[in-house]
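Enquirer: The structure under discussion is supplied below as structure tokens; questions concerning it will follow.
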Amino acid sequence: NMEHVYRREKLLPEESKGERAFFALILQHCILFLNLRTQIERRMELVRLVSHNTHKRLVSCLQSQLGTDTEKRHKKLPLTTLSQAMQEGGGQLGDESLIGKMMDVCGEAESRLATELMQHEVMIERDILDPLNQLAEVEIPNILKQRKQLAKLVLDYDSAKTRYYQAAKSNNQAMAAKADSLKDEMEEALNKVEICKDQLSADMYNFASKEGEYARYYVMLLEAQADYHRRSLAALEAAIPTIQMQQDSWMEKPAFGTALEEHLKRSNREIALPIEACVMMLLETGMKEEGLFRIAAGASKLKKLKAALDCSTSQLEEFYSDPHAVAGALKSYLRELPEPLMTFGMYDEWLQASNVSDPDKRLQALWVTCDCLPKTHKANLRYLVKFLAKLAQDSEVNKMTPSNIAIVLGPNLLWAKTEGTLAEMAAATSVHVVAIIEPIIQHADWFFPEDVDFNVSGMFAMPSHPATPDPEPGLDRKRPGSLVGQDGDSHTPRKDRYLSRPNLTVSALYVVADESITVTETPTEDLPSPDFKAVP
């Protein structure tokens, strides 16, 4: 068409001015069309290049092999091999090991993640990689190939046209005879040019119209990745509570540094394991040990005992011979509690009670404060105080009077929440703490009238090894429940002035659950004690 217009423009000068202008306009439009087609061709080449590079980089991001079936792809994923290794390791360790149990459960979760990843990559290959590859390696190259084919056909047409014109103008009879056949050849070449040109134009227009569809592949990539991460997150969120529940139900968990309520709840105990274990060992071999809780134990032995208690073992035979290490472990447990046994919340109440000037009213105030402790804290304090009172019975031998016990253990039972260093806290509150702890130990049976079975869990059977020799010859150390008095062979537990009830001369009114009740005390044989009567 451009050639036709060009020839009309150049070869027909006799035509009118208007016709010449019309043909010139058509020529301009044809030139614009050629420019547009050239721009589309350049853009196609760029699109092919960037699509090829994107396809290549995206393939490198995949962890499975392209073109294989889903089962093979799943087996080749790193997550799959990880899950298999974790499950095999869990099987080797067995259900008796927490690590083994966690490896098995986590291995199952990793396997589910591998399945999600495999499905995601299959979808990426089908919906994004394949279309990109088709565009970059098939569709655009085919269009560009048609462009080269058109150029070849144009050359063929020009060659046929030249031969035809030469034959038509030739005076040679033979050449003139071939003119008709050369004309047919020229027309056939022209027809091929027109067909190829129309096909090329259609394909180029089609590419230009589908550019938005091609751009959609990149949106689909982000959408697919978002969906994959959502499904992976859902799989993890479904697995984590199950894993956490199994871990929480595991008995072998550290006790040191854990809140008392949490430790008791997850171990299903009434008395904290370190407290009961240390008390049971000290009842066996430490009650007559001089300076108990005051003499420091060996650091390595103490560390070993704390580690043994942290893993909830009852195999503690080797520690019976070192009561100072046991006492040190008990002090460490009390001190490492996030909240002291006598609680942060009641710190001010304890101080106010200890500051009451009248001795009888001070004891009564301490009792009221003690009765307000949380149930778990009160039960463990009762257990410990009962033991400390029993320890004080042998103060003539072990030198641990209620006052000495309060001095060394008090800072581990009660401290302020906003404290500085341990030394600063001890200097600031030692007097107050001793004033609180000492009378509670002195009058343990008044503060806590009920008897205590120290082997409350039943897990600490009495050891079969011989007890540690007594500091004084001729004294046989009995096991808990058969402690002897000073004469050495009596089966009746020796009474002590530290366990007698206070000789109070004041009436007390107890208010429990909004009801006033009268508590009547039965005097002991050692010291008389008045009856408590309600005050109107």
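The values are calculated or read from the model by the stated rules, or taken from the named source; none is laboratory data. From a predicted model like this one, the values you see are computed outputs, not experimental measurements. Positions of Cβ are backbone-derived with ideal geometry, glycine not excepted, and every protein chain shown enters the neighbour counts. Quick note on the areas: whole protein, heavy atoms, side chains included, nothing else; ligands and nucleic acids left out. Shrake-Rupley method; radii C 1.70, N 1.55, O 1.52, S 1.80 Å.
Enquirer: Would you mention how many residues in region 135-169 are without any contact (Cβ under 8 Å) to a residue 40 or more places away in the chain and open to solvent by 40 Å² or more (accessible area, probe 1.4 Å)?
Expert: Here the count works out to 17.
Enquirer: Filter region 386-402 down to residues that are in a helix (DSSP H, G or I) and either of a type in the set (D, E, K, R) or open to solvent by less than 10 Å² (accessible area, probe 1.4 Å) (or both), then give me how many there are.
Expert: The qualifying residues number 10.
Enquirer: Please work out which residue is most open to solvent (accessible area, probe 1.4 Å), limiting yourself to region 339-385 and to residues that are under 29 Å from Met280 (Cβ atoms) and of a type in the set (Val, Ile, Thr).
Expert: Thr376
Enquirer: Ok, one more. If Cys311 satisfies every condition in (1) of a type outside the set (A, V, I, L, M); (2) in contact with a helix residue (DSSP H, G or I) (Cβ under 7 Å, 6 or more places away or on another chain); (3) open to solvent by 50 Å² or more (accessible area, probe 1.4 Å) but one, which is the exception?
Expert: Cys311 satisfies all of (1) of a type outside the set (A, V, I, L, M); (2) in contact with a helix residue (DSSP H, G or I) (Cβ under 7 Å, 6 or more places away or on another chain); (3) open to solvent by 50 Å² or more (accessible area, probe 1.4 Å) except (2).
Enquirer: Could I ask something else about it? Counting just the residues of region 33-50 that are among the β-branched types (Val, Ile, Thr) and modelled with pLDDT of 80 or more, which one comes out least open to solvent (accessible area, probe 1.4 Å)?
Expert: Restricting to residues being among the β-branched types (Val, Ile, Thr) and modelled with pLDDT of 80 or more, the top hit is Val47.
Enquirer: Quick one: which residue in Ala234, Ala255, Ala189, Ala224 is open to solvent by 40 Å² or more (accessible area, probe 1.4 Å), of a type outside the set (Asp, Glu) and not assigned by the TED database to the domain that holds Pro338?
Expert: Ala234 is the lone residue from the list that is open to solvent by 40 Å² or more (accessible area, probe 1.4 Å), of a type outside the set (Asp, Glu) and not assigned by the TED database to the domain that holds Pro338.
Enquirer: Quick check on region 170-186: of everything there that is part of a helix (DSSP H, G or I) and polar (S, T, N, Q), which residue is least open to solvent (accessible area, probe 1.4 Å)?
Expert: By that ranking, first place goes to Ser181.
Enquirer: At pLDDT 90 or above, outside the structural domain of Cys106 (by the TED database) and assigned to a loop (DSSP other than H, G, I, E, B): does that describe Glu276?
Expert: Values: at pLDDT 90 or above: yes; outside the structural domain of Cys106 (by the TED database): yes; assigned to a loop (DSSP other than H, G, I, E, B): no.
Taking the combined requirement at face value, the residue does not satisfy it.
Enquirer: For His29, state whether it is under 30 Å from Glu213 (Cα atoms) and modelled with pLDDT of 90 or more.
Expert: For His29, the condition - under 30 Å from Glu213 (Cα atoms) and modelled with pLDDT of 90 or more - is not met.
Enquirer: Which of the residues belonging to region 284-298 are open to solvent by 60 Å² or more (accessible area, probe 1.4 Å) and either touching a residue at least 40 places away in the same chain (Cβ under 8 Å) or within 33 Å of the chain's Cα centre (by Cα) (or both)?
Expert: Matches in region 284-298: Glu290, Arg294.
Enquirer: Can you tell me which of Lys169, Lys152 is charged (D, E, K, R) and closer than 30 Å to Arg48 by Cα?
Expert: On the way: Lys169 fails: closer than 30 Å to Arg48 by Cα.
Result of the check over Lys169, Lys152: Lys152.
Enquirer: Where the second residue is of a type outside the set (A, V, I, L, M) and assigned to a helix (DSSP H, G or I) and the first is without any contact (Cβ under 8 Å) to a residue 60 or more places away in the chain and lies in region 300-311, which pairs have Cβ atoms under 6 Å and are six or more apart or on separate chains?
Expert: Close Cβ pairs (under 6 Å, with a partner that is of a type outside the set (A, V, I, L, M) and assigned to a helix (DSSP H, G or I)) amount to Leu302/Gly328; Leu305/Phe319; Leu309/Pro274.
To keep it simple, each residue is scored yes or no on (1) part of a loop (DSSP other than H, G, I, E, B); (2) over 26 Å from Gly94 (Cβ atoms); (3) not small (Gly, Ala, Ser).
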site: Val193; (1), (2), (3): no, yes, yes
site: Gln225; (1), (2), (3): no, yes, yes
site: Pro241; (1), (2), (3): no, no, yes
site: Glu270; (1), (2), (3): yes, yes, yes
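Enquirer: Filter region 87-142 down to the residues that are within 30 Å of Arg57 (Cα to Cα) and among the acidic types (Asp, Glu) and list them by number.
Expert: Within region 87-142, Glu110, Glu116, Glu121, Glu125, Asp127, Asp130, Glu137, Glu139 qualify.
Enquirer: Sticking with this one: Determine, yes or no, whether Glu125 is in contact (Cβ under 8 Å) with a residue 40 or more places away in the chain, of a type in the set (D, E, K, R), surrounded by 15 or more Cβ atoms within 10 Å (Cβ to Cβ) and in the same structural domain as Leu236 (by the TED database).
Expert: Spelling it out, Glu125 is indeed in contact (Cβ under 8 Å) with a residue 40 or more places away in the chain, of a type in the set (D, E, K, R), surrounded by 15 or more Cβ atoms within 10 Å (Cβ to Cβ) and in the same structural domain as Leu236 (by the TED database).
Enquirer: Scan region 71-96 for residues that are more than 24 Å from Ala226 (Cα to Cα) and open to solvent by less than 30 Å² (accessible area, probe 1.4 Å) and report the count.
Expert: Counting residues in region 71-96 that are more than 24 Å from Ala226 (Cα to Cα) and open to solvent by less than 30 Å² (accessible area, probe 1.4 Å) gives 3.
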